[in-house]
1. For the protein assembly as shown, with only Lys/Arg (+1) and Asp/Glu (-1) charged at the beta-carbon, what is the dipole magnitude about the Cα centre, in debye rounded to 20?
2. Could you give the nm distance between label points at A:Leu288 and A:Ala27, where each point is 7 Å from its Cα heading toward the beta carbon?
3. Rg and Dmax of the protein assembly as shown, Cα atoms, in Å?
4. With both bridge residues required to lie in the protein assembly as shown, what share of the DSSP beta bridges run antiparallel, to the nearest 5%?
5. Please work out the C-alpha center-to-center distance from the range A:74-143 to the range B:172-199 and express it in whole Å.
6. Place +1 on the Cβ of every Lys and Arg and -1 on the Cβ of every Asp and Glu in chain B, take the dipole about the Cα centre, and give the residue among B:Leu42, B:Leu143, B:Thr222 whose Cα lies farthest towards its positive end.
7. Can you tell me which of B:109-122, A:289-302, B:88-101 comes out highest on packing, and rank the rest after it, using the mean Cβ neighbours within 10 Å?
8. Which distance in Å, rounded to a whole number, links the C-alpha centroids of the range A:34-56 and the range B:244-281?
Amino acid sequence: MSYVPSANRPLLQVLREPEQMTHLALADWDLLVRQARCARLLGRLGYQAEQLGVERIPESVRPHLEAASRTAEKHRTMMHWEIHQVRQVLGPVTQKIVLLKGAAYVAAGLPTAQGRLFSDMDILVPKADLAQVEQALLAAGWQPMKLHPYDQRYYRAWMHELPPLEHRTRQTTLDVHHTILPETGRLHPDPQKLLADARPLPEPPLYVLSPTDMLLHSAAHLFQDGEIGGALRDLVDMADLVRCFGAEPEFWPNLLHRARQLELGRPLWYALAHLEWCFPGLTPKEVLQQAQSERPPWPIRPLMHLLIRWAIQPELPEHSTWLGQTARWLLYVRSHWLRMPPRLLLPHLVHKALRRWHHEEEEK
Amino acid sequence: MIVSQCSLNALRHQLRWGGVCIRTGPFLCRIQSPLPEIARALADSYAHFPVIPEAPFADIHLRVLPGRGLRRWIRPQVFCQCDTEVPFNPHPRRLAPAMLEWGLNWAVANLAHWYLMIHAAVLERGGRCLVLSALAESGKSTLCAALALRGWRVFSDEIALIRLPDSQLVPLARPICLKGASIELIRQRDCEGLVGPTWPDPVRGGIALVRPRRETVAGMETPAPVGWVVFPKFEPGCPTQFSPLPKALAFLRLADNSFNYSLLGTTGFQTLAALLDQAQGCYKFRYSKLDEAVLWFERLMDRPPECSASVSSSEWPEMSEPS
């Protein structure tokens, strides 16, 4: 079971042990830079290089890392500004704006934000405030990205978030969540519990999830909601969270209990198992032991393990294998399976397929 | 070793397996393609460029590939791929060499954030550079090609590369891409046979590449400071006109035409400000007659430097950090 697709080794290696970056040959870098770029982790390597001292990196590689660091820095600045803007608009209409994922890492100044790229901003607000929140955002220049009535209904009736919003001038994307997993899905973490435990930031009414919830959300996002494309980056995020929060005395003892409270035991097991595989030694042995009770039954466990390992491979075209593609496709199918019961999923897929077909016809 | 020293067969073989590594300006580009016309395009437009046979590390990896599925054979298409990105829609297969150029430009503009990059043509004469910055369809490439035929050294017809610490312009030395009516206009003036074949393209009225001269490629490691910044505009029937532009306005226009000014933040501001401080003059320029325009540019070198307020950041009042 320890088989790692060979193309993936240098990237995993330098993420595990940054020191390895100083021992790589130029030919390794040739592959590594591209793999890291396509896994959205080049900025991360840039940050690691700064920590090690850039003079220890080959000269021809440095500009690429430097460019990635600059890009990450720009993303971080933009995220700060976006948070500021959202706070200005939503401050008067809701008691709690809980920043999620990237926005939370930036606002809370967590090491996870170092060298990280951000694609959009995610927030969680109490469901009771959702209508006012949406009104306020629309009035302040955000607009829906998906205008088709079916998409609007899909999000509003079934999903855990409003249809994504885009700011008219800044073109930034904002996802407004009222819970962290689709309402039609199998697992229902109670948003009230998440909101109740959220930690305030110095600027009211901004909050971030509690440390355990932050990890659980990341796990749920990757292993339940199935954004497998950025799997390696999400695992790096989780490793950083664990390194950062693991030192707090209540973190590990509470984690499993909290996961069960939020119905997130299974995603947590997946997260811990794959963290242990990618970054061995981060999770205490006894926590891994206790989490065993949450693991999936026999045929699913080894199958998922295999699929995730294959799917995590960077998708450079010359290394793209049918195994990797199939694994990603199967995980994508799985995420839909988990997202909706079959009686909703089938009509949904039929509708999507028909619409794509219509669209292509019109374009012709 | 340079490209012209490789046989066409060797190029074709290399392109298909492993790729050909070519240096253009500061970038090592690994080009892969199973298409024989890419080998011909390299042998033709890139004849003088250095090939690095066993380069362990390349800055840009570009693949030029035949269309997928039936589009490989029926109304065949071509597309390019830079790592995982496919920047453009597939085009008719006959435009494969143009696809290579567009792909390389895209890769530079999207990766090389260790330079400040501006959408502009850059040429050098007498140790100073002329920056021609304009939106598409302003005749930038036409002017660039006409000046190249008059002996100016071409840095780039698309991307001005500005080095970050000292605002020196860095040559890219790649071929110039001509479109539509300008191809014949340039071909008439071309007595050295630098303009390559025209590929028919109904959308753009044809595409042709102008090969860089041997000296241009040989000098591609020598950067130069800016001399003049000009914003050209081709307007049919318009007499040749110019007016000096204050440096502050030129700054805004260049920032607007930049690929990564905002990404570079403070560094971008300082680099652009330093570039304009070094400029001897900034102009708006309108023309319809190419020969008159070329004459104006040839005389530009003799003009005394324009007086314009410096835009250097040091002369601005200190601004406090926004809270």
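Please treat every number below as a calculation from the coordinates, not as lab data. Note that the structure is predicted; figures quoted are calculated from it, not measured. Every residue, glycine as well, gets a Cβ built from its backbone with ideal geometry; the counts of neighbours run over all protein chains shown.
1. 1780
2. It is 3.4 nm.
3. Every Cα atom of the protein assembly as shown included, Rg and Dmax give 27.9, 83 Å.
4. Taking every DSSP beta bridge within the protein assembly as shown, about 70 percent pair in antiparallel fashion.
5. 51
6. My answer, from the dipole projection, is B:Leu42.
7. Descending packing order for the listed peptides: B:109-122, B:88-101, A:289-302.
8. For the range A:34-56 versus the range B:244-281, the Cα centre distance is 29 Å.
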